[in-house]
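Visitor: Structure provided below as structure tokens; questions to follow.
The values are calculated or read from the model by the stated rules, or taken from the named source; none is laboratory data. This structure is a prediction, so every number in the text was calculated from the model and none was measured. Reconstructed Cβ throughout: ideal geometry from the backbone, glycine too, with neighbour counts over all protein chains shown.
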Amino acid sequence: MALAERFRGLSVDACLRMRAEDDPRHPLLVFEGRRLTYGQVDAQSEAFAAALHELGVEAGDRIAFTLPNWPEFVVAAFAAAKLGAIIVPLNPKFTTTELQYMLRHSEAAVVVTAENYDGVDYLARFEGFLTSLPDLQYVVSVGEEDLWYDDRVYQFEDLLSSGEGRTYPRASLASDRDVFAILYTSGTMGKPKGVALTHANLVRTAALTADALGLVPEDVVFGLA
């Protein structure tokens, strides 16, 4: 059966759950020596979703990402899908002014960011946003340092640990109507505009692409950022 038919009508998180149940030990991603299986990503995204729920994140809330192509992006994105939240991926190379505009425009309640990346202290930048953006409630940092800035700043690994074994209300999604991602245009003719993509948009595009390329589970796709 073609993937486009197999995954028709499924939400993003349902696709992960199906693969995790079918073959939990199959690798999903490899990054700088780290290897995560479908089962591990499913479990970690469950824990992260539970932790976000404890912070008050609900279906329809926007979670912004300013991360490179790191495994944490994948885990957090699937966690958002499980909650019915909407991800807002933002380029880490955006200026402070650009990020501030998009966070305000998208009404992001949470931002998941690198602590430091390419010489930029993102954590310090977003700590300032907590006081200037009324919708922004929490900052989740990805990094190895144990830094203390504000009681609304959490480390990614700490939330993973706190969410393990917890339950949360899983969202009931209509894949053709419920939005999963808001992507911002370049804004060459004015301010960047947010383009909403549903679960069905993304799942069908991915499935049709995989079918067109003839991809099978044993294939490895090399991703570039």
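Visitor: Condition check: modelled with pLDDT under 95 and surrounded by fewer than 24 Cβ atoms within 10 Å (Cβ to Cβ). Does E5 satisfy that?
Guide: yes
For (1) surrounded by 15 or more Cβ atoms within 10 Å (Cβ to Cβ); (2) under 26 Å from E46 (Cβ atoms), each residue gets a yes or a no:
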residue	(1), (2)
L83	yes, yes
L99	yes, no
V140	yes, yes
G143	yes, yes
D151	no, yes
A171	yes, yes
K191	no, no
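Visitor: Moving to a separate point now. Just to verify a result, which residue in region 107-132, among those that are of a type outside the set (V, I, T) and without any contact (Cβ under 8 Å) to a residue 12 or more places away in the chain, is farthest from F48 (Cα to Cα)?
Guide: So the residue we want is G119.
Visitor: Which members of region 196-225 meet the condition of being loosely packed, with under 11 Cβ neighbours inside 10 Å and either outside any helix (DSSP H, G or I) or at pLDDT below 90 (or both)?
Guide: Matches in region 196-225: G214, V216, P217, E218, D219, V220, V221, F222, G223, L224, A225.
Visitor: Just to verify a result, which residue in region 112-134, among those that are touching a helix residue (DSSP H, G or I) at 6+ places or on another chain (Cβ under 6 Å) and of a type in the set (V, I, T), is farthest from P68 (Cα to Cα)?
Guide: So, considering only residues that are touching a helix residue (DSSP H, G or I) at 6+ places or on another chain (Cβ under 6 Å) and of a type in the set (V, I, T), the one farthest from P68 (Cα to Cα) is V112.
Visitor: Evaluate region 50-59: report whether one residue or more is touching an Asp or Glu at 6+ places or on another chain (Cβ under 9 Å), surrounded by 15 or more Cβ atoms within 10 Å (Cβ to Cβ) and farther than 21 Å from I182 by Cα.
Guide: Among the residues of region 50-59, at least one is touching an Asp or Glu at 6+ places or on another chain (Cβ under 9 Å), surrounded by 15 or more Cβ atoms within 10 Å (Cβ to Cβ) and farther than 21 Å from I182 by Cα, which makes the answer yes.
Visitor: Consider region 82-108. How many of its residues are over 14 Å from S132 (Cβ atoms), hydrophobic (A, V, I, L, M, F, W, C) and at pLDDT below 95?
Guide: 1
Visitor: Mind checking which residues of region 157-195 are at pLDDT 95 or above and of a type in the set (S, T, N, Q)?
Guide: Of everything in region 157-195, those that are at pLDDT 95 or above and of a type in the set (S, T, N, Q) turn out to be S161, S162.
Visitor: Every residue in region 80-100 that is closer than 15 Å to T66 by Cα, touching a residue at least 60 places away in the same chain (Cβ under 8 Å) and charged (D, E, K, R), please.
Guide: Passing the criteria: only E98.
Visitor: Filter region 172-193 down to the residues that are in contact (Cβ under 8 Å) with a residue 12 or more places away in the chain, farther than 21 Å from L10 by Cβ and more than 16 Å from the chain's Cα centre (by Cα) and list them by number.
Guide: K191, P192
Visitor: When the residues of region 133-156 are narrowed to those that are more than 15 Å from L55 (Cα to Cα) and either at pLDDT 95 or above or hydrophobic (A, V, I, L, M, F, W, C) (or both), which ends up nearest to the chain's Cα centre (by Cα)?
Guide: Restricting to residues being more than 15 Å from L55 (Cα to Cα) and either at pLDDT 95 or above or hydrophobic (A, V, I, L, M, F, W, C) (or both), the top hit is V142.
Visitor: Condition check: outside any strand (DSSP E or B) and of a type in the set (A, V, I, L, M). Does L136 satisfy that?
Guide: yes
Visitor: Something else about it: Within region 8-31, take every residue that is in contact (Cβ under 8 Å) with a residue 24 or more places away in the chain and in contact with an Asp or Glu (Cβ under 8 Å, 6 or more places away or on another chain) and give me the one that is surrounded by the fewest Cβ atoms within 10 Å (Cβ to Cβ).
Guide: By that ranking, first place goes to G9.
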